[in-house]
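Just below is one structure, and these are the notes that go with it.
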Amino acid sequence: MDRFDIRGGTRLAGRMTVHGSKNAALPLLAAALLTDEPVVLRDIPDLADIKSMLALLPKLGCTVDHQRVTDNELPGGVVNLHTTDTSVSHAPYEIVRTMRASICVLGPMLARRGLARVSLPGGCSIGERPVDLHIRGLQALGADITLDGGDITARVPRVNGKPGRLRGARVFLGGPFGSTVLGTANVMSAATLAEGRTIIECAACEPEIVDLANMLTAMGARISGAGSPRITIDGVERLKGVDHTVIPDRIEAGTYMCAALITNGDITIDNCPADALMAHIDRLQHAGAHFTIDDKGDPMRASVRVQGAGSRGIQPIEVTTQPHPGFPTDLQAQLMATLTLADGNSVVTERIFTERFLHVAELSRMGAGLFRQGPTVVVSGVRRLVGAPVMASDLRASACLVLAGLAAEGTTQINRVYHLDRGYQRMEETLVTLGAVIERVNEKEPAAS
Ligand code: EPU
């Protein structure tokens, strides 16, 4: 198991390029199950979660060819996919338990084959993560759904002994914490091949849903309203192949923005989806960061220079996580790390995953002043953090600890960085190019002195 050793206190400076988005790429890869023609996806990041999806798809009859090195200027690889065999439609527990996002094969398989069996994802370190809205949405389209042996089995009823089709319907996807991103992806993908019109109300508005809609439209789907809470889909009989480039990762970009502020650095972020990060940029500006945005005609692929707060120091702020376009839950932990060094008290409230606070205890071990009550943490800014051995507990909590380590005095040892590798492509290499003193250590090797 790898760990990071970070010697903090360096101001990060330089340029980096954002990779393709993990959370956009996962449903795009699953959408290859909707067609019998070849699909090409570009700028696919080299991450543990992507590898899990690329291991799952061949089990479902989709051939996968992943070329990691390409000659264009985008950092990610190219994946060629081709679904040639529809006889096996079971996503087994061995893979689903390593990655919850495996659930996004459910809608595409059901729509094209009339049958999908996907192991029900289990518990998760960031809190309870039910899939009731996915199930309700697909049932509204006419699927029969049963839970059996830990699997969700979804079937399209046969008509007069012949394979049937999903039927368009009005589907409401709001739950107690807002909409559902992967639930919207599942229902929207399934509805592309349904008979008639589907209207998804309270759809997720995240940029990853817009990217999926753009790809499905290029495949021949008829979708309008993606990016708004109401998406309309007019079903078609079949979808064709496509060549599509995934959007850049807004959470990776947002994490490096925090790195600039917490180290009082100066980082220029290329291929930056600034348009998808307005709430985060707003909060960081209030906390003292200075932004220069050159959108180069495409605000989803801007160059963004982020400079720290200088002698004024980081200012305290309030932030509440919300569905897009509100402040994203996936940047809550990273922003909290940044605010530990603010000049006063900040208030951080988590409204999407109300138990997503495993980083609080670890940050406290580094000297942060944190007081949690329910979904809210009061962050009393301290003058300094002190390096300590800490434990990464989930993907974004790990990134938060890396940020804290970059700013802390002394050495921070972050154990279990495999969590980080699920969502950040070789983060330590990027940080080194920005001047950080960070090393990946394999636990079997003796630690560097
Ligand atoms: N929810 C329900 N019922 C459902 C589905 C969700 O009540 O059927 C609740 C969840 O418990 C949560 C809220 O709705 O409180 C939102 O969950 P959502 O379904 O939107 O989450 P997701 O689609 O499973 C994606 C991202 C997460 C990100 C969330 C919220 C992917 C692969 N994952 O998950 O990303 O936090 O949306 O924006 O796209 C991460 O990258 O670190 C990560 C966890």
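Number of residues in segment 236-248 that are outside any strand (DSSP E or B) and surrounded by fewer than 22 Cβ atoms within 10 Å (Cβ to Cβ): the value is 5.
No other residue among 297, 326 is surrounded by fewer than 22 Cβ atoms within 10 Å (Cβ to Cβ) and within 16 Å of the ligand (Cβ to nearest atom) apart from 326.
The residues of segment 1-23 that are of a type in the set (A, V, I, L, M, F, W, C), within 25 Å of the chain's Cα centre (by Cα) and open to solvent by 50 Å² or more (accessible area, probe 1.4 Å) amount to a single one, 1. Looking across segment 30-51 at every residue that is in a helix (DSSP H, G or I) and either away from the ligand (no atom under 11 Å from the Cβ) or touching a Phe, Trp or Tyr at 6+ places or on another chain (Cβ under 9 Å) (or both), the one that is most open to solvent (accessible area, probe 1.4 Å) is identified as 51. Against the test of being within 24 Å of residue 329 (Cβ to Cβ) and either in contact with a helix residue (DSSP H, G or I) (Cβ under 7 Å, 6 or more places away or on another chain) or surrounded by fewer than 24 Cβ atoms within 10 Å (Cβ to Cβ) (or both), the options 251, 233 yield a single qualifying residue, 251. Number of residues in segment 31-53 that are under 15 Å from the mean Cα position of the chain (by Cα) and of a type in the set (A, V, I, L, M) equals 5.
Could you list, in sequence order, all residues of segment 166-182 that are free of Cβ contacts under 8 Å to residues at least 60 places away in the same chain, away from the ligand (no atom under 16 Å from the Cβ) and in a loop (DSSP other than H, G, I, E, B)? Listed by number, the list holds a single entry, 169. So which residues in segment 364-393 are open to solvent by less than 10 Å² (accessible area, probe 1.4 Å) and either within 16 Å of the ligand (Cβ to nearest atom) or farther than 20 Å from residue 2 by Cα (or both)? Once the filter is applied, which keeps residues that are open to solvent by less than 10 Å² (accessible area, probe 1.4 Å) and either within 16 Å of the ligand (Cβ to nearest atom) or farther than 20 Å from residue 2 by Cα (or both), segment 364-393 yields 366, 377, 379, 385, 392.
For residues in segment 263-278 being buried (at least 19 other Cβ atoms within 10 Å of the Cβ) and part of a helix (DSSP H, G or I), which is farthest from the chain's Cα centre (by Cα)? That would be 274. Selection of segment 338-378 for residues being more than 23 Å from the chain's Cα centre (by Cα) and of a type in the set (Ser, Thr, Tyr) yields 340, 346, 364.
Total residues in segment 165-185 satisfying the condition of being at pLDDT 95 or above, out of contact with any Lys or Arg (no Cβ under 6 Å at 6 or more places or on another chain) and open to solvent by less than 30 Å² (accessible area, probe 1.4 Å): the figure is 9.
The values are calculated or read from the model by the stated rules, or taken from the named source; none is laboratory data. Bear in mind the structure is a predicted one, so any value in this text is a computation, not a measurement. Using ideal geometry, Cβ is built from the backbone for each residue, glycine included, and neighbour counts are taken over all protein chains shown. With ligands, DNA and RNA removed, areas are computed over all heavy atoms of the protein, side chains included. Shrake-Rupley method; radii C 1.70, N 1.55, O 1.52, S 1.80 Å.
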